[in-house]
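**Q** Quick one: structure below, then a few questions.
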Amino acid sequence: MINHLLVNAALKARGLGLSVVTTGPVKLGSTVEGYTRTAGSFVDDGFTVGMEVTPSFGDQTPSYITKLTDTLMTMHGGRATMSPGNGRSLRVLLPPLIAFDNESITPIQGRWYVEGEYSPSTSQLRTVTASRGFGDATGEYFWRLYGIADTGLDAFAAMTTALLKLYPPGAVLPVDATTAVHIGNLPAPWASSVQPDDPGFAVVTVTIPWFVQFTNPAF
């Protein structure tokens with residue numbers, strides 16, 4: 001049989017590495033409105049309204065974009081003024097406010113948050129001989145991304161697209177020395193539509209079908 005704790009950990013770890021968009025190390029400053037640059041383009045980098053941005057400088061508390069031009073990224077709540085400096089970056093990652101199975105989280109207005117849930121659904125034997133026979137265990141992993149309401153679809157689309165790229169159909173993720181979890185292809189991973197949630201939030205669910213091949217114990 002399989003160790004569901006290890007399979008859960010492998011699927012979770014894959015998503016924790018999510019990186020959606022980044023400026024890379026460039027010359028950035030900040031004003032009371034948000035972040036500024038004199039070269040390059042926030043729009044061309046892939047940033048969009050509604051994304052939660054984590055800076056590498058100043059106050060590193062994430063905040064979301066309310067308006068965007070090539071050279072000005074206006075942030076919810078504003079920013080402290082800082083002179084431009086080289087080697088700074090802005091990144092959109094998996095939101096740091098996360099709750100996993102049987103954990104709770106207190107949402108913060110103006111901040112994205114995430115729930116991860118592991119579902120070990122079914123198993124079946126693939127050989128006639130049961131003792132030491134081969135089987136498949138199947139299930140789903142759910143990522144629920146709670147973003148900012150009334151900011152359009154672009155930020156959610158970018159987040160879900162980047163997350164789905166981490167779980168391509170047929171991918172094989174090592175679990176331990178003898179076991180691997182396979183990402184399903186019939187169906188392949190998919191994202192739901194964006195749905196309204198508690199006041200101030202909207203949510204999209206990314207579903208990752210998976211299966212693990214196992215050897216039945218001798219009996």
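**Q** In the range 170-185, what residues are on the phi < 0 side of the Ramachandran plot and assigned to a loop (DSSP other than H, G, I, E, B)?
**A** Ala171, Val175, Asp176, Ala177, Thr178, Thr179, Gly184, Asn185
**Q** Let me ask you something else. Yes or no: the range 90-109 includes at least one residue that is hydroxyl-bearing (Ser, Thr, Tyr) and over 27 Å from Ala188 (Cα atoms).
**A** Yes: one or more hits.
**Q** Another question, if that's okay. Go through the residues of the range 146-162 one by one and say whether even a single one is in a strand (DSSP E or B) and touching a helix residue (DSSP H, G or I) at 6+ places or on another chain (Cβ under 8 Å).
**A** Looking for residues that are in a strand (DSSP E or B) and touching a helix residue (DSSP H, G or I) at 6+ places or on another chain (Cβ under 8 Å), one finds at least one in the range 146-162, hence yes.
**Q** Continuing with this model, one more query. Among the numbered conditions (1) in contact (Cβ under 8 Å) with a residue 40 or more places away in the chain; (2) closer than 30 Å to Thr38 by Cα, tell me where Asp70 comes up short.
**A** Asp70 satisfies every listed condition except (1).
**Q** Taking Ser121, is it loosely packed, with under 12 Cβ neighbours inside 10 Å, in contact with a strand residue (DSSP E or B) (Cβ under 8 Å, 6 or more places away or on another chain), of a type in the set (Gly, Ala, Ser) and under 30 Å from Leu5 (Cβ atoms)?
**A** In short, yes.
**Q** Quick test of your reading of the structure: Ala137 fulfils all but one of (1) of a type in the set (A, V, I, L, M, F, W, C); (2) modelled with pLDDT of 95 or more; (3) over 30 Å from Asp59 (Cβ atoms). Name the failing condition by number.
**A** (2)
**Q** Also: Would you be able to say whether some residue in the range 168-186 is under 16 Å from Ser19 (Cα atoms) and surrounded by fewer than 17 Cβ atoms within 10 Å (Cβ to Cβ)?
**A** Yes: the range 168-186 contains one or more residues that are under 16 Å from Ser19 (Cα atoms) and surrounded by fewer than 17 Cβ atoms within 10 Å (Cβ to Cβ).
**Q** Turning to a different aspect of this structure: Scan the range 1-39 for residues that are among the hydrophobic types (A, V, I, L, M, F, W, C) and farther than 28 Å from Leu164 by Cβ and jot them down.
**A** Met1, Leu28, Val32, Ala39
**Q** Which of the residues spanning the range 2-53 are among the hydrophobic types (A, V, I, L, M, F, W, C) and over 20 Å from Tyr146 (Cα atoms)?
**A** Ile2, Leu5, Leu6, Val7, Ala9, Ala10, Val26, Leu28, Val32, Ala39, Phe42, Val43
**Q** Sticking with this structure for a sec: Is there any pair with a first residue in the range 197-210 that is within 13 Å of Val114 (Cβ to Cβ) and assigned by TED's automatic domain parsing to the domain that holds Tyr64 and a second that is at pLDDT 95 or above and basic (Lys, Arg) whose Cβ atoms are under 9 Å apart and which are 6 or more apart or on different chains, and what are they?
**A** Going by the 9 Å Cβ cut-off, there are no qualifying pairs.
**Q** Has the range 121-138 got at least one residue that is touching a residue at least 40 places away in the same chain (Cβ under 8 Å), among the charged types (D, E, K, R) and assigned to a strand (DSSP E or B)?
**A** yes
**Q** When you scan the range 186-208, how many residues do you find that are over 15 Å from Phe142 (Cα atoms), part of a loop (DSSP other than H, G, I, E, B) and of a type in the set (Gly, Ala, Ser)?
**A** Going through the range 186-208 one residue at a time, the tally reaches 1.
The values are calculated or read from the model by the stated rules, or taken from the named source; none is laboratory data. As the structure is a prediction and not an experimental result, all values here were calculated from the model. For neighbour counting, all protein chains shown are included, and Cβ atoms are generated from backbone atoms with ideal geometry for every residue, glycine included.
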